[in-house]
1. Just wondering, is there one or more residues in the range 103-111 that are surrounded by 20 or more Cβ atoms within 10 Å (Cβ to Cβ) and either in contact with a Gly (Cβ under 8 Å, 6 or more places away or on another chain) or among the polar types (S, T, N, Q) (or both)?
2. So if I check each of 1, 32, 41, 25, which one is touching a Phe, Trp or Tyr at 6+ places or on another chain (Cβ under 7 Å) and either closer than 30 Å to residue 98 by Cβ or modelled with pLDDT under 95 (or both)?
3. Name the single residue that is most open to solvent (accessible area, probe 1.4 Å) among those in the range 136-173 being in contact with a Leu (Cβ under 8 Å, 6 or more places away or on another chain) and of a type in the set (A, V, I, L, M, F, W, C).
4. Write out, first by first residue and then by second, each pair whose Cβ atoms fall under 8 Å of each other, whose residues are 6+ apart or on separate chains, and whose first residue, in the range 157-185, is under 28 Å from residue 112 (Cβ atoms) while the second is part of a helix (DSSP H, G or I) and open to solvent by 100 Å² or more (accessible area, probe 1.4 Å).
Amino acid sequence: MQRFAAHEFLETQEALRSKHAEIEMHGLFAEMAQDPQLKNMVLNHQRQIMNAYQQGINLLMGKGVNVAATPQLAQIRTTEPATIGLNQPQMMAPNPHPTRLSDMTIATIMLNWHKAGSAIGMLWASECVDPQIRQYHVNGANLCQQMAYETWQYMNMRGFYQTPQLADHTMNTMINAYQQQPAMA
C-alpha cells in the first residue's frame, strides 16, 4: 500500500467527495436544462468529472495512472465572438420556490462551482509532496478552469453574463501609467 502525507491524502479525499457531488449535481442539471446546448455541455462536463473521479480513485489504490496528461476539454464552437460591454442588462427576481431551475441559474451555479474548483485545486496541489497526487490536483484545477470558461462562453452568448468594459480614456490612462517606468535590463 502506498503511503501519502496527511495533507495530500485528506485533500484528495475532499476532492473525490466534491467530484462525487458534482457528478450527481450535473445529472440533475442535465434533467432540468431546457436549452439542448446547455444540456450537452452539462453532460460533457459530467463525463469529464467522472473520468477525473475514477482517476483519483485509481491513484489512491495504487493502480497505474497517467496523471501527466492534462485532460483536454473541447470548447464550445461559437459562431459569434464574445460580447464585451453591457447591453441593457436585466436581472429577473429570484424564485424562492422553484420546481425546476432556469438555464441561467444552472449555468451560474456551474460557473461558480468550476471557478471555485480551479482555485481550490491549485491550493490542494500546493500542499502535496507526492508528484502524482500534486499533478492530479493541478489537472483538476485546469479542467475546472476550462469548464468555467466554456460555461462563461455559453452564458455570454445567451446574454446571461455580460462583461462590462472600461471607457477607452480610462484604459488608456491606466496603460500609460506603465510607460513612465524605466525599462528593465
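1. Looking through the range 103-111, none of the residues is surrounded by 20 or more Cβ atoms within 10 Å (Cβ to Cβ) and either in contact with a Gly (Cβ under 8 Å, 6 or more places away or on another chain) or among the polar types (S, T, N, Q) (or both).
2. Only one candidate passes the filter, namely 41.
3. 152
4. Pairs that qualify, where the first residue is under 28 Å from residue 112 (Cβ atoms) and the partner is part of a helix (DSSP H, G or I) and open to solvent by 100 Å² or more (accessible area, probe 1.4 Å), are 166/174.
The values are calculated or read from the model by the stated rules, or taken from the named source; none is laboratory data. Since the model is a prediction, treat every value here as computed from it, not as a measurement. Note that each Cβ is placed from the backbone with ideal geometry, even for glycine, and that neighbours are counted across all protein chains shown. Quick note on the areas: whole protein, heavy atoms, side chains included, nothing else; ligands and nucleic acids left out. Shrake-Rupley method; radii C 1.70, N 1.55, O 1.52, S 1.80 Å.
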